[in-house]
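**Q** Got a structure here, written out as C-alpha cells. Questions coming.
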Amino acid sequence: MAALVATAIAVLLVIPLSTRVPFERPSEAYLSGWFSSVTLVMVIVRITLAFVVLAMAKQRQEMEQRVYALTDTLTGLPNRRALYDKLDALERSHILQATPISVLFFDLDHFKDVNDTFGHETGDRVLKLFAATAGAHLNGSSIIARMGGEEFAAVLPGEGSSTATKTAEAIRAAFAGSAAVINGMTIGATVSAGVASNSCACDSSDIGALFRQADAALYAAKRTGRNRVEFAGTDGVTLVPATAAVRTAPRRKPRSHRAGRDTNVAANA
C-alpha cells in the first residue's frame with residue numbers, strides 16, 4: 001500500500017512538470033536543467049520506494065517470526081510464553097481487577113502409554129483433538145495454551161467458579177467421548193483437570209496464586225484416579241455438577257505471580 005501511494009505521488013509531481021517544459025524541441029530536453037531536476041526526483045522516488053518495500057518485507061518477516069515463536073506448531077494454540085504475555089497485557093489494562101477470573105489446568109492421562117502403544121503419530125492426533133475440543137468449549141475472551149508436552153492451561157477472565165467448573169467438566173467429558181476411538185483404534189484417552197477461581201485478580205500475586213491452586217487441584221485429580229475435575233477455590237465455594245464427581249482439592253499457600261508461573265503447571269501422567 002505504501003509503495004502504491006508513493007508511486008501515485010511521483011506521477012502527480014511529474015504530470016504538472018511535463019506540461020510546463022521550458023523548451024520547444026525534444027532535442028533540447030537533454031541540455032535543459034529541467035530534465036536533470038526531473039531525473040533526480042525520479043531517482044530519489046525509486047530509491048525511497050525500494051527502502052519502503054524492504055522495510056515492509058522486514059516488518060512482515062518479524063511479525064511472522066513472532067507469531068511462530070508464540071505458537072505451538074502441533075496444535076496451533078498459543079504456547080506458554082504467549083499465555084504469559086497475554087496475561088501481562090490484561091494486567092496492564094486493569095481489565096482483571098474488577099471481574100472474576102478462573103484458571104484451568106489440564107493434563108492428558110497416561111499419555112506416555114498412548115505414545116508407546118499406538119505411536120507418536122497417534123499421540124499427536126490425541127493432542128490436536130484435545131486442543132480442538134477445549135477450544136470448542138471456551139468463549140472468545142478465554143485464553144488457552146499448550147504449556148508443554150501433554151499439559152494445557154486456560155484462563156477465563158470474567159468467569160467465576162460455577163462456570164469454570166462446568167466448563168472444565170464439559171471439556172473432560174467431551175474429550176473422553178471423542179478420544180475413545182480414533183481412526184478405528186480404541187485409544188480411550190482421558191484428561192484430568194484442576195480449577196481455581198477468584199472474585200478478582202487485583203494484582204499479579206492473585207493470578208500467581210490461582211496458578212498454584214489450579215496446579216494443586218490437578219495433582220489431586222491425578223492422585224485420586226484421573227479422568228476427573230478437581231476444584232480449589234480461594235473463596236471456599238465448591239460447585240459439584242450433576243454430570244461428574246468434582247472434588248475439592250486442598251489449597252496451597254499463594255506465591256508471587258512470577259514464582260507461580262515458573263513452576264511446573266501439571267503432574268506427569
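**Q** Label residue 56 and residue 86 with points 7 Å out from Cα along Cα→Cβ: what is the distance between them in nm?
**A** According to this spin-label approximation, the distance is 3.0 nm.
**Q** If you don't mind, there's one more thing I want to ask. Can you divide the C-alpha Rg of the stretch 69-151 by 2.2 N^0.38 Å and report the result to two decimal places?
**A** 1.24
**Q** Taking the Cα centre of the stretch 101-155 as origin, sum charge times position over the Cβ atoms of Lys and Arg (+1) and Asp and Glu (-1), and report the length of that vector in debye to the nearest 20.
**A** 260
**Q** Could you give the C-alpha radius of gyration of the stretch 162-227 expressed as a fraction of 2.2 N^0.38 Å, taking N as the number of residues it contains?
**A** In units of the 2.2 N^0.38 Å rule of thumb, it is 1.37.
Just so you know, all these numbers are worked out from the coordinates, no wet-lab data involved. Predicted, not measured: the structure shown is a model, and the values here were computed from it. Neighbour counts run over all protein chains shown; Cβ positions are idealised from the backbone, glycine included.
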